[in-house]
Structures are given as structure tokens and as C-alpha cells.
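The values are calculated or read from the model by the stated rules, or taken from the named source; none is laboratory data. For clarity, every value in this text was computed on a predicted model and none was experimentally measured. Every residue, glycine among them, receives a Cβ derived from its backbone with ideal geometry; neighbour counts consider all protein chains shown. With ligands, DNA and RNA removed, areas are computed over all heavy atoms of the protein, side chains included. Shrake-Rupley method; radii C 1.70, N 1.55, O 1.52, S 1.80 Å.
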Amino acid sequence: MTGKALVALSVAVAAVIGIGIGAASAGVDKLYVLDCGQNLGKDQSRWSPGVNQGKAIEFSDNCYLIRHDKGLVLWDTGIPDSVAAMPDGMVVASGAITYRRGKTLASQLDQIGVKPADVTYVAVSHTHGDHVGNIALFPTSTVLIQGTEYDWAMAGPAKPTFASTQKIEKLTGDHDVFGDGTVKIISTPGHTPGHQSLLVQLPKTGWLLLTGDAVHFQDNWIHKRVPSMNVNRDQTLASLKRIAALLEERKAQLWINHDKSQSATLRYAPAFYE
Ligand SMILES: [Zn+2]
């Protein structure tokens, strides 16, 4: 073999090894926190019985985009993007809540180079309006929702507006999205009949549990408070126990979607977590 041929062979071997190294780092690559609006609640006791009766409270509302080597998952879709153009926000729940949106979900995805058609799965914690507001923005994505949640929402007065082309995968309980345990939907009913949370393993940050509305605020988590509007109190308490056990087992962080002070400590897109 000539010296030249040997160099060529070495380069070819290195290329093959390079591909091998790439394959070994499979799983979740990064997670983006997206600003999906704010809820202004007229009376905190609606969510925290007996606490701050008659006092207003502001919540954060986040969406999360997870990049896995097998696809992109959007967890929740937030308050409708149309609210960004409403200077006074949108009043819902018979005046109990006002939705606001500083920037659209579409613009935040665009900023990080993601088109709606790139999103493989849109998974929603539940079907309240501040979580499914933009579900139709993703006409080619597969929706991951509990079957009990879908049936309940479609029988009620505020049906989510799905895109007609969306494939809706109705889940029954826990679901391992990519089959490798790194993005796992956890059944946490009680706030609504088919509420679900998300357990994610990031390569550097470690395990995160994204609550959805299994719990609304840090203070409610500490005191295990159940909002009066939840459909099932016993199920809610059982779900909180399950979350506590998972946090312990995985040494996971609990990211409480609506907790404004916790959200203020997070890095939002275009920054990301690895
Ligand atoms: Zn809710």
C-alpha cells in the first residue's frame, strides 16, 4: 500500500468511527422553554382554596420543545397566538381569567429555525384553552392525548380546534414517546379526566418533570392543595403522590408550568437546556 493510499484509508476509517460516535449520543439533544403567554387570575383561591381570597394572581404559561434524534416534540401549545394582537388580552372562564400573550408561539419557533411541519408530535397535558390554544398550527403533526381527555373535551362546551389533517393518537396511560425512556408521558389525572405530565431525560441537565396543571404553584405543591375546579380530588392527590415518587426515583427537577417565580429563573428560547 502506498503512503497516499494509507492516508486515504485512515480518513475513511475515521469517518466511519465518527458516524459511530454520533449514533452513540442518541436520545434527547436539547429542550427549549417557550413563552406561551400569561394568565391573570382574578382570585387566587380558585386555584389555592382558602389562600388570598379575592386577590389577583398572575401565572406564567410555558410550552416546551424537545429535540430528540428521532424527532421534535412540542409539549403544550399555550394561549392562542391571536391573543398577541389583543391589547387588553382575552377574557375567559366567565371573567375569572384574562389571557395575554407578548409574542407568538409561531415567531418563537421561527426564531430557532423550526417550522410547524418539523414538529413530529404535539403532546398536550390537557385540553384547557391555555394549553391547546395553538394545536391547529401543526397540521402535519401527530397529537398525543389521553383518550379519556379527548372524549371528555369533545363532549364539552369548549372543544379544542384540531386541524382536520392531524393524526390523533389516543393514549391509555403512560407512553414512551420514542421507545428509549427519555421522553415519557405520565398519566396524572385529576385536574381533568385525562391529564398527563412529561418526564424528560436531558444529557447534561438530567431528569425534568413537566407538570402541566397537575399542580399550579410551588406553594400548592408544598401544601398539596387541590384547586376547587379540578374534576377529581382523590385522583389529583394520587397524581401528586406519583409525581413525588418519580422525583425521588429519578432525582428529577419539578418544573411547574404556571409558577411565575420559578419560570422567571428559567432560560427561554432561543437559549436551551442540554
Ligand atoms: Zn388547566
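Observations on the structure shown:
- Of the listed requirements (1) in contact with a Gly (Cβ under 8 Å, 6 or more places away or on another chain); (2) over 27 Å from residue 136 (Cβ atoms); (3) hydroxyl-bearing (Ser, Thr, Tyr), residue 188 misses just one: (2).
- Listed by first and then second residue, the pairs linking a residue in segment 131-155 that is more than 22 Å from residue 258 (Cα to Cα) to a residue that is aromatic (Phe, Trp, Tyr), with Cβ atoms under 6 Å apart and 6 or more places separating them unless they lie on different chains, are 142/121.
- Of all residues in segment 61-71, one or more are assigned to a loop (DSSP other than H, G, I, E, B), over 19 Å from residue 258 (Cα atoms) and touching a residue at least 24 places away in the same chain (Cβ under 8 Å).
- Filter result (within 16 Å of the ligand (Cβ to nearest atom) and farther than 23 Å from residue 215 by Cα) within segment 131-157: 157
- Among the conditions (1) more than 18 Å from residue 72 (Cα to Cα); (2) outside any helix (DSSP H, G or I); (3) away from the ligand (no atom under 16 Å from the Cβ); (4) open to solvent by 30 Å² or more (accessible area, probe 1.4 Å), residue 163 misses just one, which is (4).
- Comparison of 97, 79, 112 shows that the only residue that is of a type in the set (A, V, I, L, M, F, W, C), within 16 Å of the ligand (Cβ to nearest atom) and either in contact with an Asp or Glu (Cβ under 7 Å, 6 or more places away or on another chain) or more than 24 Å from residue 214 (Cα to Cα) (or both) is 79.
- Test for residue 92: is it within 16 Å of the ligand (Cβ to nearest atom) and over 25 Å from residue 184 (Cα atoms): yes
- Qualifying residues in segment 198-216 (those that are within 13 Å of the ligand (Cβ to nearest atom) and not polar (S, T, N, Q)) - the one nearest to residue 62 (Cα to Cα): 212
Yes/no per residue for (1) open to solvent by 50 Å² or more (accessible area, probe 1.4 Å); (2) among the basic types (Lys, Arg):
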position	(1), (2)
46	yes, yes
64	no, no
73	no, no
76	no, no
79	no, no
82	yes, no
87	yes, no
95	no, no
104	no, no
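- Scanning segment 192-223 for residues that are assigned to a strand (DSSP E or B), under 25 Å from residue 145 (Cβ atoms) and either in contact (Cβ under 8 Å) with a residue 60 or more places away in the chain or open to solvent by less than 40 Å² (accessible area, probe 1.4 Å) (or both) gives 196, 197, 198, 199, 200, 201, 202, 208, 209, 210.
- Of all residues in segment 166-177, those that are without any contact (Cβ under 8 Å) to a residue 60 or more places away in the chain and part of a loop (DSSP other than H, G, I, E, B) total 4.
- Single residue of segment 115-130 satisfying the filter (touching a residue at least 40 places away in the same chain (Cβ under 8 Å) and under 16 Å from residue 68 (Cα atoms)) that is nearest to the ligand (Cβ to nearest atom): 123
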